[in-house]
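J.: Structure in structure tokens, see below.
Only the coordinates and a few stated rules stand behind these numbers; no lab work does. Note that the structure is a prediction, hence the values are computed from the model and not measured. A quick note on method: Cβ atoms are made from the backbone with ideal geometry, for glycine too, and the neighbour counts reach across all protein chains shown.
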Amino acid sequence: MLALAQGFARLLLVVLAAMTLLSGCGPASSELTGVPPSGEVAPLVKVGSGGTLFDAPLYLALQRGYFVEQGLTIEVVALPRITSVLTPLLAGQIDVGAVLPSADLFESLRAMPTAPRLVASAGRALPDQSAAALLVSRQVPMPSAQALRGKPFAADLAGAGGLNGLLALDALGLSSEDIAWRHLLPADAAAALANGEVAVAYVLEPEASRLVAEGRARRWLGVDALDPGQDLALIAASPNSVAQRAHLVARWLAAYLQGQRVLAAARRDPAERRLVEAELAQALRLDEPYRARALWTIGYPADPTPHLPSLLALQAYLLDNGLLAAPVDLERAIQPLGQPPAQERGAP
């Protein structure tokens, strides 16, 4: 595993450098929304959106005027994918955004106290709700040790994909040396699976539902079965926002979490689900049926504070495989806005 880790550590540096360039050069657009009807100038909060279903609470809060109620103007900055959000967040070009837990996020947290803060879960693996899953090719029998041994397995090895892949292999009595890893971000892993290049892939929604609906893959395991309570995405606030605009981002967060609560309640009410789907249809392209189904795979916990045990488990995986140079103080990085960091709150 050491040689594998060293190889992927070098690959991680190349991938992160490429992501930085792509994030700066890729297509991005923005739109001002939520301006109070009075016409008065309201404080502006810039939100990065990677165009995933993890942004459903953001768009629902916009649609229902929750940000207006908080006296805010919102500028949504559209980015190519969720992995493109972290770079402009660190640069202070946006105030908040949904990001994936990963080695590059953890490395950015090392710069305390001038680091981003993790302010809420943007989606958690809860019972029967997982917006990330391991899929298998239709050409592969249902997963077994014999069927998967030596087969190509696509996952983001510098993020939750690698951890969840190992958990799934362990359940079959396999180790990382028993399969052929391919380090691919979730969207690229989905494409590789669709093209028949890999046997197994760690995929986020809605790509997972699309591949299943198109008959190109079968769902094997959701993260809710592998690691219940794992945070699949997080809301992060930029260092500048934490230092200078925390009160505004706290108001933004209150409206965003109101959107989360509405979505969580709507999952249990078919009539409300249809209403929410109609409100989000344009923003999230829910005219494609699989996307509407995928929307309800995202779990929203009653307590939205980022789940420290799941982040510590991911950090341990990254450290064990040489993908993170040294431990990061994740407890201090978690800061529900309106409260001081954990160490200043007197946490043990």
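J.: Taking square-rooted eigenvalues a ≥ b ≥ c of the alpha carbon gyration tensor, is segment 138-218 rounded, prolate or oblate, where a/c under 1.5 means rounded and, failing that, a/b exceeding b/c means prolate? Each step should come with its number before you reach the end.
T.: Working: a/c = 1.78, a/b = 1.27, b/c = 1.40.
Oblate is the answer for segment 138-218, as a/c is 1.5 or above yet b/c matches or exceeds a/b.
J.: Could I ask something else about it? What nm value, rounded to one decimal, do you get for the distance between ASP329 and ARG274 when each label is placed 7 Å out toward the C-beta?
T.: Label-label distance for ASP329 and ARG274, simple model: 5.3 nm.
J.: Identify the trypsin sites (Lys or Arg not before Pro) of segment 36-120 meeting these criteria: DSSP loop state and at most 11 other C-beta atoms within 10 Å of the C-beta.
T.: On the way: sites: LYS46, ARG64, ARG81, ARG110, ARG117; in loops: ARG81.
Taking segment 36-120 and a limit of 11 other Cβ atoms within 10 Å, no loop trypsin sites (Lys or Arg not before Pro) are found.
J.: Counting only Cα, what are the radius of gyration and maximum Cα-Cα distance Dmax of segment 204-309, in Å?
T.: Taking only Cα atoms of segment 204-309, I get Rg and Dmax of 16.2, 50 Å.
J.: Could you tell me whether segment 246-291 comes out rounded, prolate or oblate from its Cα gyration tensor? Rule is a ≥ b ≥ c as square roots of the eigenvalues, rounded for a/c under 1.5, then prolate if a/b exceeds b/c, otherwise oblate. Don't skip to the end; give the middle numbers.
T.: Values: a/c = 3.58, a/b = 1.77, b/c = 2.02.
Judged from the Cα gyration tensor, segment 246-291 comes out oblate (a/c at least 1.5, b/c at or above a/b).
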